[in-house]
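Shown next, in structure tokens, is the structure this report addresses.
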Amino acid sequence: MNIFTVRIEQDALDQIDAVEVFLAPIVGEQVASSYAAKILDFCRGLKLFPSRGLSREDLGSKVNVIGFQRRASVVYTIDDDEKLVSVVGVFYGGQDWEENFSLTPR
């Protein structure tokens, strides 16, 4: 079985933090923190079978998108040669992320 290394890029970490900040006044800090931790665990779980997401070659080579609990989209790239998954974005609540998506660092 091939196990990939998962790297969560800073933009994705910032986006997870933003989800937590957004949810905290609505559901409470503890629940928001737990939800953010579950997103991180889900991302780390991409080490096994990372190709299970929807391939989005229109966004870039080896770009995949997978839903998390029907409220968030996790965008990641796969490097089969390096056995590396790079989580490049986490988008919550129907954000129109495709229009502004870029693999180019800001």
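Rule-based calculations on the coordinates, nothing more; no lab input. Keep in mind it's a predicted model, so treat the numbers as computed, not measured. Here the Cβ positions follow ideal geometry from the backbone for every residue, glycine too, while neighbour counts run over all protein chains shown.
Restricting attention to the stretch 55-73, does a residue exist that is touching a residue at least 40 places away in the same chain (Cβ under 8 Å), loosely packed, with under 13 Cβ neighbours inside 10 Å and either in contact with a Ser or Thr (Cβ under 7 Å, 6 or more places away or on another chain) or of a type in the set (A, V, I, L, M) (or both)?
No: zero hits.
When only residues in the stretch 1-52 that are out of contact with any strand residue (DSSP E or B) (no Cβ under 8 Å at 6 or more places or on another chain) and acidic (Asp, Glu) count, which is surrounded by the most Cβ atoms within 10 Å (Cβ to Cβ)?
GLU20
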